[in-house]
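The values are calculated or read from the model by the stated rules, or taken from the named source; none is laboratory data. What you see is a predicted model; the values in this text were computed from it and never measured. Backbone-built Cβ (ideal geometry, glycine too); neighbour counts: all protein chains shown. For accessibility, only protein heavy atoms count, side chains too; no ligands or nucleic acids. Shrake-Rupley method; radii C 1.70, N 1.55, O 1.52, S 1.80 Å.
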Amino acid sequence: MEIYFKGEIGKRRWIKVKNNTITTLTELIELLNKKAPKSLTIHIESLGGSTYEAVAIYFYLKSLSIPITTICHKYVASAATIIAQIGDVRMIDKDAKFLIHNCFINGTIHNLTLNSISYYKREIIFSNETIRLIYKRKSNLTKSQLQQVMEKNNGDGIYLDACTALSFKLVDKIIE
């Protein structure tokens, strides 16, 4: 079965899933419950979204006992790269870009206090550690090297080309 993660991870686009194109864990579960696939090919083309949603999707897919292939198309960034790591085989188009970076809090936060700043700092540190562990499972980079890549450009990270993503073992194969 083929599914497509397109758009902002964690933001539901339609009331019903169309053409197996999804962005949320809820949509993924609904789709898989309807079809009960024996294997999955997950196409990913997304600039990211919610780290929490992506991690939840990653661990849900990890709990399945079916073969999973992930294919990265065009731009796969931020939270979308977490989902890409679930593949037993992880592929990337030769011209695709792959962005890993430190977590950040999106949007405006009102009424900050010292306690809330401390809370958000702990959340960001925990999230960065979680995604580094996910990348580390198959990558050949050390925790320190991953941290250095994610912290480039003041924590905005860098876009990796397909060859660099392959050399870091964030993907397994480049496809034409």
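Observations on the structure shown:
- Accessible area of Asp93 (1.4 Å probe, protein heavy atoms only, ligands and nucleic acids ignored): about 40 Å².
- Cα gyration tensor, the chain - rounded (a/c under 1.5), prolate or oblate: oblate
- Here is the list for the stretch 1-91: chymotrypsin sites (Phe, Trp or Tyr not before Pro) lying in DSSP coil, each with at most 16 other C-beta atoms within 10 angstrom of its C-beta, are Trp14.
- With 19 Å as the limit, the listed pairs Lys97/Lys173; Lys38/Lys97; Lys6/Lys74 have Lys38/Lys97 beyond it between alpha carbons.
- Residues of the chain: accessible area per residue with a 1.4 Å probe, Å²: 55
- Placed amide H near Thr41: partners under 5 Å, 5+ positions off or other chain: Glu2, Ile3, Thr69
- Simple spin-label estimate for Tyr119 and Ile66 in nanometres, 7 Å along Cα-Cβ: 3.9
- Backbone phi angles across the stretch 162-176, fed through the Karplus curve with coefficients 6.51, -1.76 and 1.60 (θ = phi - 60°), yield HN-Hα couplings of 4, 5, 5, 4, 5, 5, 7, 6, 7, 9, 9, 7, 9, 10, 6 Hz in residue order; Gly and Pro are listed as x.
- In order through the stretch 140-157: 3J(HN,Hα) via Karplus (6.51 cos²θ - 1.76 cosθ + 1.60), integer Hz, x for Gly, Pro: 9, 8, 6, 4, 5, 5, 4, 4, 4, 5, 5, 8, 4, 6, 6, x, 7, x
- Loop-located trypsin sites (Lys or Arg not before Pro) in the stretch 52-104, at most 11 other Cβ atoms within 10 Å (DSSP): Lys94
- Percent carbon-and-sulfur accessible area, the chain, ignoring ligands, DNA and RNA, probe 1.4 Å: 53
- Working note: Karplus 6.51/-1.76/1.60 with θ = phi - 60° gives the stretch 64-75 the couplings 6, 9, 10, x, 10, 10, 10, 10, 9, 10, 6, 10 Hz, where Gly and Pro are set to x.
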